[in-house]
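Please read through the structure below; I'll follow up with questions.
The values are calculated or read from the model by the stated rules, or taken from the named source; none is laboratory data. What you see is a predicted model; the values in this text were computed from it and never measured. Virtual Cβ from ideal backbone geometry, glycine too; neighbours counted across all protein chains shown.
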C-alpha cells in the first residue's frame, strides 16, 4: 500500500462522515423551518431538568463527602491522642518494670507480708477493742 492509497481511503472515510452529519443537520433545520420549534424547546427543557436533577445529586454527594472528611479529621485527632496515651502508658510500665527489677526480692516480700498482716489485724478488731486502743493512746 502506498501513501497515496492510504490518503485516498482516509479522505473517503472523512467525506462519508461529513455526509452523515450534513444529513442530520438538514433534518434539524427542516424541523425548525416547519415550525417544530416546540419540539426543540421541549427537548431543551427536558435536558435542563435532567441537568438540575444531576446537580442536586452532586450537591448531596458533596455534602456527604464533606461530612465524612470532618469525621475523618476528628478520628485522626482522637487517634493521635490515643497514640500519645499509649506511649505514656508504655513509658510508665517500663519505669515500673525497672523499679521492680531494682528492688531486692526479700525486701519487697517482707514489705508485702507486713502490709497484709497489718491490714488483717485492722480488719479483725471488734469495735470494743478499737475503743480501748483509742483510750490507751
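Of the residues that make up the stretch 78-97, is at least one surrounded by 10 or more Cβ atoms within 10 Å (Cβ to Cβ), modelled with pLDDT under 80 and out of contact with any strand residue (DSSP E or B) (no Cβ under 8 Å at 6 or more places or on another chain)?
Looking for residues that are surrounded by 10 or more Cβ atoms within 10 Å (Cβ to Cβ), modelled with pLDDT under 80 and out of contact with any strand residue (DSSP E or B) (no Cβ under 8 Å at 6 or more places or on another chain), one finds none in the stretch 78-97, hence no.
Suppose we filter the stretch 26-43 for residues that are over 50 Å from the mean Cα position of the chain (by Cα) and in a helix (DSSP H, G or I); how many remain? Show your work before the answer.
At the first step, the residues of the stretch 26-43 found to be over 50 Å from the mean Cα position of the chain (by Cα) are 26-37.
Next, from what is left, pick out any that are in a helix (DSSP H, G or I): 26-33, 37.
Matching residues across the stretch 26-43 total 9.
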